[in-house]
Amino acid sequence: MKRALQAISLMVALSLLLVGCGGAASKPLKDTLLAAAMKTAGAGSYVMDASFKIDKFDMTEGAIDSEELAVASEVAAVVKDAAIQAKAIYNKEAGRTDVDLQLVLPGFMNMSLNVPIIMNGDNIYFKAPQIPFLPLPPEVTDKYIALDLKQLAEQAGEPMPSIDIAAQQKLAQEIATAAMKHFDDKKYFTDVKLADAGLPEQVKANKVVKFSLNDSNYEETITVLLEKALPEIIDIILKNEDYLTMIGIEKAELENVKQQLTAEQAVIKAFFQNNLKINKVEVVSAIDKDYLVHQVTNFDVEIKDEESGETIALALTASVNYTDVDKKPAFTQEIPTETVPFDQLLGGMMMDPSLFLEDEAVVE
């Protein structure tokens, strides 16, 4: 049952995210939002600037011992105010995405790590950051590390991971459509006046849509998701073998989740009502020329663990800007010709390179 609750919790979170991110006054706002999001996701190229910041991470003591509490407090201190910033240049035709990734940890020695990444076909190149207490060998300092996905797959005796962007977009669109159609347009979506939207000066938009979830509509949201949206989303995935492979779940396992979703609906609903308090979930999306060009998400919740009595108060802010959409922006870095093999970076470390296949991701 616990595994099923975890799977359902992930689906609930994904559904809420896609409802908020999905965007003509004659059309329902949710349809406008969905169409804009999918048009940007399907663009041939763009520049994306994204940021993610943890504004609050507070833990209250529950039924855990002092040693566990001390570890939890240390984790909270490191995570609080942590921020991730990323600038990506994407070109579908070139099969390439360049990312400049920065991680800032004010609560951990005020650390700031910068990782340039180039994803080109089957190859990933990145510069490993210098970490104060884990210095890199001189031979890899300031050099690109080459990661050959095909070679790693051969070493692991597994097929090369398939990255089908079109299929990913199709799945996202089907899930978002299934989730959004069950949400009342007037209860959850607002047409915001441009003058009141608080958009950054550089963002040009002709329409702004806000999705809001709070304590007043949270109970209805859980009912809609559990009784209507999630069963439909599960059926969409179950009927498509490619989708099952894409998200890495066995058909039998997902069928079991669906059965428990039906059989234990009251228990699951009570779980979310008693363990998750929504202070605010708000997604403001700016649309220009039918493209999603800017989005800010504010997320403020309290999560309770019934077993330990521990409560976590979590608040975060995420934003993303899209520019030069379908204008083929120029890459700022050259494909490196002098690189260090990934195996050399792992030299002397007890690591299996094939494990990294599971963590490989694509920025879109």
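Worth pointing out:
- Summed over region 272-293, the residues that are closer than 21 Å to LYS228 by Cα and touching a helix residue (DSSP H, G or I) at 6+ places or on another chain (Cβ under 6 Å) give a count of 2.
- Among the residues of region 224-260, those that are surrounded by 16 or more Cβ atoms within 10 Å (Cβ to Cβ) and of a type in the set (Val, Ile, Thr) comprise VAL224, ILE233, ILE234, ILE237, VAL257.
- Verdict on ILE131 being surrounded by 16 or more Cβ atoms within 10 Å (Cβ to Cβ) and either β-branched (Val, Ile, Thr) or under 23 Å from the mean Cα position of the chain (by Cα) (or both): no
- Subset tally (residues that are part of a loop (DSSP other than H, G, I, E, B) and over 23 Å from LYS92 (Cα atoms)) for region 102-133: 10
- Applying a threshold of 8 Å to beta carbon distances and a minimum spacing of six or more residues, or different chains, the list of pairs starting in region 72-83 at a residue that is more than 19 Å from SER51 (Cβ to Cβ) and modelled with pLDDT of 75 or more and ending at one that is surrounded by 15 or more Cβ atoms within 10 Å (Cβ to Cβ) and among the acidic types (Asp, Glu) is empty.
- Qualifying residue in region 289-299 (condition: farther than 30 Å from LYS27 by Cβ and hydrophobic (A, V, I, L, M, F, W, C)): no
- All conditions in (1) in contact with a Gly (Cβ under 7 Å, 6 or more places away or on another chain); (2) crowded, with 16+ Cβ neighbours inside 10 Å; (3) part of a loop (DSSP other than H, G, I, E, B) hold for ALA176, with the sole exception of (3).
The rows are residues; the columns are (1) farther than 30 Å from LYS228 by Cα; (2) aliphatic (A, V, I, L, M).
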| site | (1), (2) |
| --- | --- |
| MET119 | yes, yes |
| ILE124 | yes, yes |
| LYS127 | yes, no |
| VAL140 | yes, yes |
| LEU152 | yes, yes |
| THR177 | no, no |
| LYS181 | no, no |
| LYS187 | no, no |
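- When LEU225, LEU171, LEU147, LEU136 are screened for being in a strand (DSSP E or B) and at pLDDT below 90, only LEU147 passes.
- GLY121 vs. criteria of a type in the set (Gly, Ala, Ser), at pLDDT 90 or above and surrounded by fewer than 17 Cβ atoms within 10 Å (Cβ to Cβ): no
- Considering (1) farther than 18 Å from MET38 by Cβ; (2) of a type outside the set (Phe, Trp, Tyr); (3) surrounded by 13 or more Cβ atoms within 10 Å (Cβ to Cβ), the lone condition that LYS207 does not fulfil carries the number (1).
Every residue, every condition in (1) assigned to a loop (DSSP other than H, G, I, E, B); (2) surrounded by fewer than 16 Cβ atoms within 10 Å (Cβ to Cβ), yes or no:
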{"position": "ILE268", "(1), (2)": "no, no"}
{"position": "ASN274", "(1), (2)": "no, yes"}
{"position": "ILE278", "(1), (2)": "no, no"}
{"position": "VAL284", "(1), (2)": "no, no"}
{"position": "LEU292", "(1), (2)": "no, no"}
{"position": "SER308", "(1), (2)": "yes, yes"}
{"position": "ALA315", "(1), (2)": "no, no"}
{"position": "ASP326", "(1), (2)": "yes, yes"}
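The values are calculated or read from the model by the stated rules, or taken from the named source; none is laboratory data. Values in this document were obtained by computation on a predicted structure and should not be read as measured data. Quick reminder, even Gly has a Cβ in these numbers, built from the backbone with ideal geometry, and neighbours come from all protein chains shown.
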